[in-house]
Amino acid sequence: MAEMCRVEKRGRVYLLTLAGTDEHRLNPALLDAIRSALSRVRSVAVASGGSAALVVAAEGKFFSNGFDLAWARVSPSDRTPLMVSALQRTIADLLSFPMPTIAAVTGHAAAAGCFLALSHDYMIMRADRGFLYMSEIDIGVPITENIMAVLRAKIADPRTRRDLLLQGKRMTAAEAAARGIVDRAVGGAAETVEAAVAMGEELAARNWDGEVYASIRKGAFLEACSGIGLAVEEEETETKKAACKL
Amino acid sequence: MCSLEKRGRVYVLSLTGDNEHRLNADLIAELRSALAKVRTEYAAAPEGSALVTAAEGRFFSNGFDLAWANAAGSPSASRQRLSSLVALFKPVVADLMSLPMPTISAVNGHAAAAGLMLAISHDYTVMRGDRGFLYMSELNIGLPFPPYFMSLMRAKIADPRTLRDVTLRAAKITAAEAKARGIVDSVHAGADEALQAAMRMGEELAARNWDGGVYASIRMAAFPDLCRAVGLPAEEKAQTFSSKL
């Protein structure tokens with residue numbers, strides 16, 4: 001069976017690529033492959049000490065076109081919850097990842113695929129083609145609350161939320177950058193990955209403690225993290241942890 | 001370490017001396033005492049007022065007195081000292097969030113870590129444009145944030161990417177960038193100009209003659225998560241509201 005995603009190391013950057021030129025539809029198989037890869041990266045990074053960064057990219061025209069609705073339609077009542085919870089766990093993994101995370105949006109990112117991209121700390125998107133698109137409204141599919149919590153945390157502007165969610169607006173990288181959704185819009189797919197890796201290298205060079213990084217991310221995106229099911233610590237524990245670092 | 005005076009309708013709280021205005025137990029106690037005095041004086045003769053918090057020298061405040069914490073003599077004693085500063089400062093934020101008048105911080109230089117928290121605990125922030133930056137250093141020194149710091153930043157820095165850059169990138173933010181990204185309200189040529197702008201703004205806001213109790217209650221209602229995080233009591237709004245009618 002062809003690998004669904006592969007991981008390589010470039011300097012201090014772990015580059016996870018969704019393999020193949022298909023739509024990278026998020027079904028449990030692909031989501032589990034992504035989670036396994038993330039878990040391997042986490043173990044290797046922790047074992048090797050030193051700081052790192054993660055870039056997630058994809059081959060082909062699509063970053064990810066969303067949930068595998070065809071797969072779910074075979075038996076919707078049991079398959080849909082499986083898919084949704086697999087996405088939630090993947091997003092939880094990303095939101096708790098002990099290093100900076102960068103989505104290299106190398107193609108269309110729609111619906112769940114768009115959420116996957118948004119779950120990274122930084123987004124760099126190709127400028128020459130591809131859209132961010134919350135297609136749920138057009139397909140007639142509601143969005144579960146815990147995934148919505150992530151969107152609310154990452155897109156604060158009410159009009160941008162409205163246009164993406166309630167209008168099904170297809171946003172180019174240029175528009176997404178202008179609206180502050182993506183950090184940079186760069187040339188084509190290859191340049192996007194290079195720019196993401198370069199950014200990863202810069203961030204890794206700051207030598208931040210991965211655990212501290214993850215804990216700060218959780219505090220900064222508190223509702224998203226608690227919404228997606230990450231445990232949120234009591235105040236006293238956090239203060240003691242803070243003091244321990246002194 | 002800090003002085004309080006009244007100029008017209010504006011209370012001016014100044015961190016005195018050309019030093020880093022490091023927040024230690026003494027300075028924090030003086031701040032609380034000054035804010036308590038403002039509250040008492042206001043209550044004795046309520047009229048439209050405002051508070052400006054300013055600082056002398058090159059720094060607004062560079063944060064907690066970590067040198068004092070580190071001089072404790074053992075790692076566990078150092079940890080205790082830092083914990084104590086974190087705990088002591090929380091009521092300062094609560095005092096500012098519940099103060100019965102508009103509050104303005106005039107940032108004359110670097111505002112870092114707890115020093116930046118002090119600045120953004122005010123309703124308005126004006127800053128000199130020619131030098132100084134805003135900076136949360138914690139990630140660089142490997143310290144997680146106390147939860148109420150995080151609540152304060154989530155309340156006052158609504159843009160997700162700005163919040164990320166401040167907390168997860170330890171970005172050093174100039175006045176111009178802070179204005180563009182919505183952290184400060186206005187930028188001025190130098191420290192004197194920033195203070196003058198803060199005073200003018202204070203006078204204008206004081207002249208609106210707002211009821212201080214109502215002002216504080218609306219402010220707290222606008223930032224409920226932050227108020228909860230700093231231990232401000234749940235609103236007695238219903239009572240207050242009906243008594244105003």
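For helix A:76-95, report the angle its Cα long axis makes with the longest principal axis of the Cα atoms of chain A; keep it between 0 and 90° and round to the nearest 10°. Compared with the principal axis, the helix lies near 40 degrees.
Choose one answer from A:S226, A:S77, A:S135: the residue with the largest mean-square fluctuation in a GNM of chain A with alpha-carbon springs under 10 Å. Result: A:S77 has the largest fluctuation of those listed.
For B:F133, the residues 5 or more places off, or on other chains, whose built amide H falls under 5 Å of its own are B:H110, B:A111. Bridging of A:K169 to aspartates and glutamates at a Cα separation below 16 Å is possible for A:E136, A:D138, A:D157, once same-chain residues fewer than 8 apart are set aside. The 3J(HN,Hα) values that the Karplus relation (6.51, -1.76, 1.60; θ = phi - 60°) gives for the range A:127-139 are, in residue order, 8, 7, 7, x, 10, 8, 8, 8, 7, 3, 5, 6, 7 Hz. Gly and Pro appear as x.
Could you give the C-alpha radius of gyration of the protein assembly as shown expressed as a fraction of 2.2 N^0.38 Å, taking N as the number of residues it contains?
Details: Rg = 24.5 Å, N = 491, 2.2 N^0.38 = 23.2 Å.
Working it through for the protein assembly as shown, the quotient is 1.06.
The GNM of chain B, with springs linking C-alpha atoms under 10 angstrom apart, assigns the highest mean-square fluctuation among B:D123, B:D192, B:D95 to B:D192. In this structure, A:E201 and A:V44 have a Cβ-Cβ separation that, at R0 = 22 Å, corresponds to a calculated FRET efficiency of about 0.80. Scalar couplings 3J(HN,Hα) for the range B:47-52, obtained by applying the Karplus form with A = 6.51, B = -1.76, C = 1.60 to θ = phi - 60°, are 7, x, 9, 8, 10, 10 Hz; x denotes Gly and Pro. Per the Debye calculation on the range B:2-210 with a single equal scatterer at every Cα and no solvent contribution, log₁₀ I(q)/I(0) for q = 0.09, 0.10, 0.13, 0.16 Å⁻¹ amounts to -0.32, -0.40, -0.69, -1.04. Within the same chain, aspartates and glutamates fewer than 8 places from A:K9 are excluded, and of the rest, those with a Cα less than 16 Å from its Cα are A:E194, A:E201, A:E202.
Look at the dipole of the protein assembly as shown built from charges on Cβ: of B:A175, B:L23, B:S49, the Cα furthest out on the positive end belongs to B:A175.
Hey, how much of the P(r) for the range A:94-178 falls beyond 21 Å, as a percent of Cα pairs?
Numbers: 864 of 3570 pairs.
Counting every Cα pair in the range A:94-178, those more than 21 Å apart make up 24 percent.
Around the amide H of B:F64, modelled in the peptide plane, lie the amide H atoms of B:L23, B:A114, B:G115, all under 5 Å away and 5 or more residues distant in sequence or on another chain. Projecting the Cα positions of B:M101, B:A191, A:F63 onto the charge dipole of the protein assembly as shown (unit charges on Cβ atoms of Lys, Arg, Asp and Glu, taken about the Cα centre) puts A:F63 furthest along the positive direction. Pairs of lysines in the range B:2-210 whose Cα atoms sit within less than 27 Å of one another amount to 9, provided the residues are eight or more positions apart or on different chains.
Looking at the range B:2-210, send over the antiparallel percent of its DSSP beta bridges, to the nearest 5.
On the way: 9 of 30 bridges.
Restricted to the range B:2-210, the bridges split so that about 30 percent are antiparallel.
With the convex hull constructed from alpha-carbon coordinates only, the range B:51-143 shows a mean projected area of 6.5 nm² over all directions.
Please report the relative contact order for chain A, taking Cα pairs under 8 Å with a sequence separation of at least 6, and give it as a percent rounded to a whole number.
Values: 463 pairs, mean separation 53.9, N = 246.
Reported as a whole number, the value is 22 percent.
Calculated on the Cα set of chain A, radius of gyration then Dmax: 17.4, 55 Å.
Rounded to the nearest Hz, the phi-derived 3J(HN,Hα) couplings of the range A:22-27 under the Karplus curve 6.51 cos²θ - 1.76 cosθ + 1.60 (θ = phi - 60°) are 8, 7, 6, 5, 7, 10, where x marks glycine and proline.
Using the Cα centre as the reference, give the magnitude of the dipole from point charges on the C-beta atoms of the protein assembly as shown (Lys, Arg: +1; Asp, Glu: -1; all else neutral), rounded to the nearest 20 debye. Please report the intermediate quantities before stating the final value.
Values: 56 positive and 55 negative charges, 58 e Å.
Charge dipole of the protein assembly as shown: 280 debye, to the nearest 20.
Under a model in which nothing but the beta-carbon of Lys, Arg (+1) and Asp, Glu (-1) is charged, the range B:2-210 shows a dipole of about 520 debye around its Cα centre.
Could you list, bin by bin from short to long, the percent of Cα-Cα pairs of the range A:1-114 in 10 Å steps? Pairs per bin, as whole percents: 14, 46, 31, 8, 1. Taking every alpha-carbon pair under 8 Å whose residues sit at least 6 apart, chain B reaches a relative contact order of 23 percent.
Provide a whole-number value for the mean count of partner chain Cβ atoms within 10 Å of the Cβ atoms in peptide A:214-225. Write out the running numbers ahead of the final one.
Working: counts 2, 5, 11, 3, 2, 12, 11, 7, 5, 2, 1, 0.
Counting Cβ atoms of other protein chains within 10 Å of each residue's Cβ and averaging gives 5.
Each reported figure results from applying straightforward, stated rules to the coordinates on display, with no laboratory input. Being a predicted model, the structure only gives us computed values, none of them experimental. All Cβ positions, glycine included, derive from the backbone under ideal geometry; neighbour counts span all protein chains shown.
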